[in-house]
Amino acid sequence: MITASKGNLNIRRGSGVAYNPISVLKNGQSVTAHGRDFLANWIMVDIPNSAGETGWVRTETDYSKITGDINNLPEVIVDYAVPAYVQNCTYHLMILQPGGILVSNILGFPNNDARVYSGEYFVYDDDVPDAPEVMTVSVREGTLISIEVDGNSDKHKCP
């Protein structure tokens, strides 16, 4: 059993941050664990109020309290996460935060993209003084997000 403590826990489609969040285990809620990944860093749990549906919760966090020995749970293999990418269609070098991920400009085509995990990123233009934020993107598994504006507000189209 796992209980969310000191805050909420994301329940993901698979055992890793590359998978999309599909539900939330709210602070104080408990759910039954049915399996674990190879390293026991993630456990497969019931999704609250969704009979028969399961998802994955990270075990190594300050927001979870685990009852029982998760190493006794059966190991469950999950399909790989579907990759997500952010491509840069401008002539400027872009940086994604968090992570400091560099995304080459369009002149680097076809290498003007970066593979990223699901989540929210802030895009900064590294070629403009003070690196202004040009956009915020919410990335989900299997998506391709295009950066089509630079820090000078010049718009570009992707090929």
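Each value in this text was obtained by applying a stated rule to the coordinates, not by laboratory testing. Remember, predicted model here, so these are calculated numbers, not experimental data. All Cβ positions, glycine included, derive from the backbone under ideal geometry; neighbour counts span all protein chains shown.
Extension gain, PHE109 to LEU144, is 11.1 nm, computed as 0.36 nm per intervening residue step minus the present C-alpha separation. When the alpha carbon coordinates of the chain are projected onto the principal axes, the ranges are 55, 30, 26 Å, largest first. The alpha carbon centroids of region 126-152 and region 7-37 are separated by 29 Å.
The ellipsoid equivalent to the alpha-carbon distribution of region 84-147 has semi-axes of 17, 14, 8 angstrom, derived from the gyration tensor eigenvalues as √(5λ) and listed largest first. Summing Lys and Arg as +1 and Asp and Glu as -1 over all other residues whose Cβ lies under 13 Å from the Cβ of THR61 gives a net charge of +2. Along the axis of the charge dipole computed for the chain (Cβ charges of +1 for Lys and Arg, -1 for Asp and Glu, origin at the Cα centre), the listed residues LEU144, GLY14, MET94 are led at the positive end by GLY14.
Based on Cα contacts under 8 Å between residues 6+ apart, region 7-149 shows a relative contact order of 21 percent. Taking every C-alpha pair closer than 8 Å and separated by at least 6 residues, the mean separation divided by the residue count of region 79-121 gives a relative contact order of 41 percent. Once you've got the GNM for the chain with C-alpha springs shorter than 10 Å, pick whichever of THR90, THR61, THR32 has the biggest mean-square fluctuation. Highest fluctuation of the listed residues: THR61. Viscosity 0.692 mPa s, temperature 37 °C: what is the translational diffusion coefficient of region 2-72 from Stokes-Einstein with a Kirkwood Rh over Cα pairs, rounded to a whole number of µm²/s? Taking Rh from Cα pairs, D becomes 279 µm²/s. Across region 84-147, C-alpha contacts under 8 Å between residues 6 or more apart give a mean separation that, scaled by the residue count, equals a relative contact order of 39 percent. Charges were assigned to the Cβ only: +1 to each Lys and Arg, -1 to each Asp and Glu. The resulting dipole of region 34-104 about its Cα centre is roughly 220 debye. GNM remark for the chain: springs join alpha carbons under 10 Å apart, and the peak mean-square fluctuation among ASN88, ASN111, ASN20 falls on ASN111.
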